[in-house]
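Each remark here refers to the structure printed beneath this line.
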Amino acid sequence: MSIGRSFVELQSVDSTNNYAMAQAHAGLASHGMMFFAHEQWAGKGQRGRNWTSTPGENIIVSTVLEPVNLTLIQQFALSASVALACYDLYSRYAGTEDTTIKWPNDLYWRDRKAGGILIENIFKGDQWAYAIVGTGININQTRFPDTARNPVSLKQITGRPFDAVTLSKEFGACLDARYQQLIKGHAAVLLEEYNQRLYRKDQPVRLKKDQAIFETVVKGVTPTGELITRDTLERRFGFGEVEWLI
């Protein structure tokens, strides 16, 4: 089944990822199902952070994938394909030049965060049974909590409102196209494009590792998802190893 063909609207839920995960565990979800929430009161972000959203204003959707054609070492390839799907949708309205992907999985417009991705997996032995792809994208929200890091929405960028459900379904089509690329063996092409869209590519950035803050130049991302930077030497960082200072 193509991604988004089955689209479930939820009025209020703790977390769309939790809901989709429970449906998958219960055998009630199949590949391509999307669960959209008008309100999410315990949304999850990366590294244990919360994802907050004003009810009814944004894309809050979790997609159930059954990556039976993928190997476990392709987890970053899947993440890259999801990030590119987010880029495809947002750049249509916010512009291709200003829309980028911040490693490892944030959607950026200029120096501001427009969205994020959280993928949670279910493994059965050595089989990758499910990937629950949570996506939060700022659409109509114009007021954000003080704890939000440099946020921006499509309405702030364009000056006009959008229908979050319609855009979520449009995102489903974007994700389906990118996922088809991946399962047809084009992971290298996806990685190349991910690197082309990379936030601050070939530009100096400030990163923090442990208590050390340093400046380095972003060069790209490896097939396994390591960030490559260069200053006096080439460095590689795994997910969660460094923090961006923007």
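The values are calculated or read from the model by the stated rules, or taken from the named source; none is laboratory data. None of the values given here were measured: they were computed from a predicted structure. Glycine gets a Cβ as well: all are built from the backbone with ideal geometry, and neighbour counts include every protein chain shown.
Just a few scattered comments:
- Hey, Ala187 in contact with a helix residue (DSSP H, G or I) (Cβ under 6 Å, 6 or more places away or on another chain), surrounded by 13 or more Cβ atoms within 10 Å (Cβ to Cβ) and in contact (Cβ under 8 Å) with a residue 40 or more places away in the chain or not: yes
- Selected residue (criterion: surrounded by the most Cβ atoms within 10 Å (Cβ to Cβ)) from residues of the range 86-97 that are touching a Ser or Thr at 6+ places or on another chain (Cβ under 8 Å) and under 19 Å from Asn195 (Cβ atoms): Tyr90
- Figure legend. Inter-residue proximity from the range 98-119: first residues among the acidic types (Asp, Glu), second residues part of a strand (DSSP E or B), beta-carbon distance below 8 Å, spacing 6+ or different chains. Indicated pairs: Asp98/Trp109; Asp106/Lys113; Asp106/Gly115; Asp106/Gly116; Asp106/Ile117.
- The selection criterion, being assigned by TED's automatic domain parsing to the domain that holds His186, among the small types (Gly, Ala, Ser) and in contact with a helix residue (DSSP H, G or I) (Cβ under 7 Å, 6 or more places away or on another chain), holds for Ala94.
- Condition check for Tyr130: in the same structural domain as Ala22 (by TED's automatic domain parsing) and in contact with a strand residue (DSSP E or B) (Cβ under 8 Å, 6 or more places away or on another chain): yes
- Contacts under 9 angstrom Cβ, first residue in the range 151-165 being in contact (Cβ under 8 Å) with a residue 60 or more places away in the chain and within 15 Å of Asp98 (Cα to Cα), partner part of a loop (DSSP other than H, G, I, E, B) and β-branched (Val, Ile, Thr), 6 or more apart: Ser153/Ile139; Ser153/Thr142; Leu154/Ile139
One line per residue, one yes/no per condition, for (1) in contact with a helix residue (DSSP H, G or I) (Cβ under 8 Å, 6 or more places away or on another chain); (2) within 18 Å of Leu154 (Cβ to Cβ); (3) at pLDDT below 95:
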{"position": "Thr54", "(1), (2), (3)": "no, yes, yes"}
{"position": "Ser62", "(1), (2), (3)": "yes, no, no"}
{"position": "Ile73", "(1), (2), (3)": "no, no, yes"}
{"position": "Ala77", "(1), (2), (3)": "yes, no, no"}
{"position": "Cys86", "(1), (2), (3)": "yes, yes, no"}
{"position": "Tyr90", "(1), (2), (3)": "yes, yes, no"}
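- Helices (runs of 4 or more DSSP H) within the range 138-236 that include 2 or more residues under 19 Å from the mean Cα position of the chain (by Cα): 164-183, 187-196
- Here is the figure for the range 94-132: residues that are in a loop (DSSP other than H, G, I, E, B) and small (Gly, Ala, Ser) total 2.
- Subset of the range 204-227 (residues that are crowded, with 17+ Cβ neighbours inside 10 Å and of a type in the set (Gly, Ala, Ser)): Gly220, Gly225
- Condition met for Gln180 (in contact (Cβ under 8 Å) with a residue 24 or more places away in the chain and assigned by TED's automatic domain parsing to the domain that holds Ile73): no
- The residues listed here are Thr158, Thr100; of these, the one that is surrounded by fewer than 18 Cβ atoms within 10 Å (Cβ to Cβ) and not basic (Lys, Arg) is Thr158.
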